[in-house]
Amino acid sequence: MSTPSEDELRGALASVLLKDGGDEGVVDGIDGDIIEYLAGMLAETEMDDVEESVGPFLEGYGCDETLIRSCCDAVTSIGSVGSGGGPSSSDMHVVNGSRDDVPSDGPAKLKQGVVSMSAALTDQTEDELDAQRYMWGQENRVAAMTNAQRDAHDSTVSAKDRRKARKELEAARREYEARMAVLQAQEEGDAGKASVSNMIIPDYRSGRNEKDIHVRNVSLSLDNGTCLLDDGELKFAHRRRYGLVGKNGVGKTTLLKAIAAFEVEKMPRHHRILHVRQEIRAAGGDISVLRAVMDADVERNTLIAEERELLGRLEGGGDAGGDGDAAAATKARLERLKAEGKGDDESFGADLKRLDEVYARLQALGSDSAESRASVILSGLQFTPAMQSGPTSALSGGWRMRVALAAALFIEPDLLMLDEPTNHLDLEAVLWLESYLQAYRHTVIVVSHDRSFLNEVCTDTIEFKNRKLTYYKGDYDTYVRTSDENVKNQMRVYQAYKDKRDHMMEFITKFRASANRAKLVQSRVKAVEKMDLEAPDPVVVEQLWRFSIPNPEPLGRPIIAIDDVSFDYNAVDESTGDKKPRGEWILQEVNFGVDLDSRIGILGPNGAGKSTLLNLIMDRLTPNRGSISRNGNLRIGHFTQHSADKFDLQLSAVENMLNTFQESDDQIMRSFLGKFQIQNTDALKPMMMLSGGQKSRVAFASLAYQKPHVIIMDEPTNHLDMESIDALVEAVKDFRGGLIVVSHDQHFITNTCGELWVVGEGRVTRFRGDF
């Protein structure tokens, strides 16, 4: 009798022990997990021992003899069917000229499709091809069955481990789907709302109005129990600007969210705290951009609503202007009513007192100049007057992020937390934000990958590493120098301890058996024990991760030549048929070339045509005038801030790479991914289970596997951590091919590009200088 497959055993057991094929057992305590366990156990058991294996187990759950007998019969019947009443189906013997897993019309196919060995392969009839497929085992899953048997024989993973891995995979899929469902629900819930920020109104009655924030014994964990911060300390001094640095996935964003939601225990609640996230999918609805920014101040809106309510009670109606003149006039009118005896009751006086408090708070918030302040901030972030009056629903994701950033600056909270604020800004907007934050009157925490931005803005640096927060004075470059020096000092201290201990142990080992030096040996032993109690921690220096991009074979010039290219998306008005003036086109008479030694950085404001120029070079757009010539053997690699998002997260890294490069082989692709530290199970698990840094490495692998002659990068450093940016910089430096980069990251441009080209006002001109 043959041993059925685990899936067949699972189905047979479920048909007897579960109700209607569901997950509820006919006996309490038996469920799908028990069925899974029994199927795995029986898969490794001889079919003759089914009752001995299953019987005692089921009796322990209260199953009677009839149910146990039915269960054993169901399992045994599968084995009988699989054997066909004769030798095992897994044996390669042929009984009566056929096997039970091979179609019974096999001999007929051989007769009707006799293959002539002298005939040309292309002249074979369908019957001949059908017969050949049958002879070589390519029909009716024969080859698939044989491969499955061979894989099972060669596998070193037990059935128990495979079941465990399958359960972990299903759990990860469910967790991923649940997380996506929550994000989708939040997006649908936010659609059409006016608010682009989520600030909790502070409680000014708590605390002693201190401006510094100091919280000890802070711990932070994820919902699944993973500890991110253990016994940490939050120390934020008033008017200091902190840069929070750490690897992707360490918990920086989670910490900022917890602080903003006052989820940190003993966090003072009298501060106005606001966190601006990396991505905002829905913001503002159909209201204007200016109104969305003004409505973002929850406290101001609440006070204005309370003002209207108080006025309604005090004078039976009225409108609140919210500015100083209207407030003074309203207060004078109410005082006159009280003097005339129309407000003698206690509630009138209480409401009047509360109205004074509301006006005082509105004045402190600058309510009378709210609109002008919002307009100035939006202008600094390059919103034109037309864009400010337009609906937020018409904005792209990058511009929505600018609205959220403008709202945060407009609210001017006591603690402003910005998460990757430069991701969607061009160079001009980044410079404006730097100057704005340098003059900010309150405390700032910034998470950013942009070294130059951190150096310009930050007065202090916080390192989030190994579940600890370490504070350093100075900007990012100062932090790097100080951190490296601390590591060197720790290594010196630890090495001195090791040298001294080794010297003492050498003495102890040498004279341990000497009676004359017994006292000296004992004293040294005690000294070593005391040293070990006070020993410094060993210093673990993390190995820097690096990767390389294969150098391409040489190509003849020109590689890419752009001659008098002009382009516009609406060169001809479709409604009227009129031609747009050529002086208003996005790109006008562009001329430059790209060789294998080119290192070009492209700068310019958003909307100037940088991405359009890249699409023209990659032949994704056709110029309206002029020509672009490319070498016929040219391979172009394209890397963007969204390169890691192009993968199917349900598939593994190997599967995604094989889908992209279909001519490759599974083992070759696994070996190639291993160079990017995507190894073992990481290469085979769904990419939804990988960290953000690991997904970026798969994107790097996809770029390198193309072996491009020219690499085109569009904001490549967004969403990368410092380690990945350094690895990308070193890889590009060693690359012997052409490079075109669009980026606002000064550090990346400076270290990778040799010439700068500026796009603006329809022109592409070379800039004779550097940053």
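The values are calculated or read from the model by the stated rules, or taken from the named source; none is laboratory data. Remember, it's a predicted structure, so these values are computed and weren't measured experimentally. Using ideal geometry, Cβ is built from the backbone for each residue, glycine included, and neighbour counts are taken over all protein chains shown. In case anyone asks, the SASA skips ligands and DNA or RNA and just uses the protein heavy atoms, side chains included. Shrake-Rupley method; radii C 1.70, N 1.55, O 1.52, S 1.80 Å.
Here are the numbers for the structure shown:
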| read-out | value |
| --- | --- |
| Mean-position separation - Cα centroids, the range 564-618 and the range 521-548, in angstrom | 61 Å |
| As computed over the range 616-736, the Cα convex hull volume per residue (Å³) | 126 Å³ |
| Overall dimensions of the range 425-482 by Cα: Rg and Dmax, Å | 12.1, 36 |
| For the range 493-500, 3J(HN,Hα) per residue [Karplus equation, 6.51 cos²θ - 1.76 cosθ + 1.60, θ = phi - 60°, Hz, x = Gly/Pro] | 4, 5, 5, 4, 4, 5, 5, 5 |
| Under 5 Å, built H, 5+ apart or other chain: amide partners of LEU18 | VAL26 |
| Isotropic mean projected area of the C-alpha convex hull, the range 686-741 (nm²) | 4.1 nm² |
| Reciprocal mean inverse distance between Cα atoms of the range 571-631 - Kirkwood radius, Å | 13.6 Å |
| Rg/Rh (Cα only; Kirkwood hydrodynamic radius) as it applies to the range 444-556 | 1.27 |
| The range 391-515: C-alpha gyration tensor shape, a/c 1.5 cut-off, then a/b vs b/c | prolate |
| Extension gain (nm, one decimal) between GLU168 and LYS579, 0.36 nm per residue minus Cα-Cα | 141.9 nm |
| Relative packing of peptides 357-366, 729-738 - highest average C-beta neighbours within 10 Å first | 729-738, 357-366 |
| Restraint check, LYS707/LYS733; LYS500/LYS526; LYS160/LYS646, Cα-Cα greater than 24 Å | LYS160/LYS646 |
| Whole-Hz ³J(HN,Hα) from phi, Karplus 6.51 cos²θ - 1.76 cosθ + 1.60, for the range 708-722, glycine and proline x | x, 7, 10, 10, 10, 10, 10, 6, x, 8, 4, 6, 9, 7, 4 |
| For the range 704-771, fraction of C-alpha pairs farther apart than 13 Å, in % | 69 percent |
| Dmax and Rg, reported as Rg then Dmax, of the range 501-649 (C-alpha, Å) | 34.5, 111 |
| Unsatisfied cross-links (Cα-Cα over 24 Å) in the set LYS235/LYS257; LYS266/LYS353; LYS235/LYS473 | LYS266/LYS353 |
| Extended-chain gain in nm, criterion 0.36 nm per residue less alpha-carbon gap, ASP31 and ALA513 | 166.9 nm |
| Cα centroid separation, the range 358-427 to the range 443-482 (Å) | 25 Å |
| Gap separating the Cα centres of the range 216-239 and the range 485-503, nearest whole Å | 31 Å |
| Mean Cα-pair separation over length for the range 641-755, i.e. relative contact order, pairs under 8 Å, 6 or more apart, % | 25 percent |
| Charge dipole magnitude, Cβ of K and R +1, D and E -1 - the range 511-665, Cα centre, debye nearest 20 | 1240 debye |
| Test item: Cα-centred dipole of the range 668-747, Lys/Arg +1 and Asp/Glu -1 on Cβ, debye | 460 debye |
| The range 209-282 - Kirkwood radius from inverse mean 1/r over Cα pairs (Å) | 13.6 Å |
| Where the range 522-660 is the region considered: accessible area per residue in Å², 1.4 Å probe | 57 Å² |
| Accessible-area composition of the range 386-445, carbon plus sulfur, in percent [1.4 Å probe] | 56 percent |
| Residue-wise HN-Hα coupling along the range 268-273, computed from phi with Karplus coefficients 6.51, -1.76, 1.60 (Hz; x: Gly, Pro) | x, 9, 8, 9, 7, 10 |
